[in-house]
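What follows is calculated from the coordinates using simple rules that are stated; it is not laboratory data. Because the structure is a prediction, the values reported are computed rather than measured. Ideal geometry is used to build each Cβ from the backbone, glycine not excepted, and the neighbour counts take in all protein chains shown.
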Amino acid sequence: MSKTKIGERADAKAGFELPDSAVAGAGTRPFGVYVHVPFCATRCGYCDFNTYTAGELGTAASPESWLEGLRREWAVGAEMLGNAGSAVPTADTVFVGGGTPSLLGADGLAEVLGAVRSTFGLAPGAEVTTESNPESTSPDFFARIREAGYTRVSLGMQSAAPHVLAVLDRTHTPGRPVAAAREARAAGFDHVTLA
């Protein structure tokens, strides 16, 4: 039996319709986009999110194949809205969470935001946030995602105590989150959170 890749079957959406409540007012009411990036460098013991390390994925998936799947899924969603007679909504807010979005690098995060723009559009003044782990950021990373259009960064800190970080399986050093926050501010981010 051969396997069919997503998007190859003409009837892949057959029988699926959006409920009226999902379509009603689309394009006129506020619209936010949440993007879940499922990649992590290590598995934190407390985490219950849908995430995968490279060792868990093997060669089955990559950030590139994930992004291609994301683009396809959004295209189907936008097409379904259009077919239902609704305007494709423009995003007022975008939140890229995870997992560890910063593992996509600045170029990958720019591609995610580019996919939002090309599929839905991005409202003027939209808040665009990405979560990042301090150990996978740098001054260049922050400058490049700011240039791409991100307006807010949420840095995963959890603790500044070495023994607590060890219990939580966090890999950053106690001082790295604050240093990363300073780097983000220097890159032009007015909104930086430590969570």
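How far, in nm, would the chain grow between Ala186 and His36 when pulled straight, counting 0.36 nm per residue and subtracting the alpha carbon separation?
51.3 nm
Subtract the Cα-Cα distance of Thr193 and Arg43 from 0.36 nm times their separation in residues, and report this length gain in nm to one decimal.
Difference between extended and current length: 51.8 nm.
Working out 0.36 nm times the residue gap between Ser62 and Ala75, then minus their Cα-Cα distance, what length gain in nm do you get to one decimal?
Value of the extension gain: 2.7 nm.
Excluding Val116 itself, calculate the net charge of residues whose Cβ lies under 13 Å from the Cβ of Val116, where each Lys or Arg counts +1 and each Asp or Glu counts -1.
Neighbourhood net charge equals -2.
For the charge dipole of segment 56-195, defined by +1 on Lys and Arg C-beta atoms and -1 on Asp and Glu C-beta atoms about the Cα centroid, which residue among Thr173, Ala126, Ala61 has the Cα displaced farthest towards the positive pole?
Thr173
Mind listing the phi-derived Karplus ³J(HN,Hα) values for segment 107-114, rounded to whole Hz, using 6.51, -1.76 and 1.60 with θ = phi - 60°, and x for any glycine or proline?
5, x, 5, 5, 5, 4, 5, x
State the percent of C-alpha pairs, over all pairs in segment 77-195, separated by a distance greater than 16 angstrom.
61 percent
Relative contact order (percent) for segment 149-192, with alpha-carbon contacts under 8 angstrom and 6 or more residues of separation?
51 percent
Under a Cβ-Cβ cut-off of 13 Å, what is the net charge of the residues other than Thr137 that fall near it, where Lys and Arg count +1 and Asp and Glu count -1?
+1
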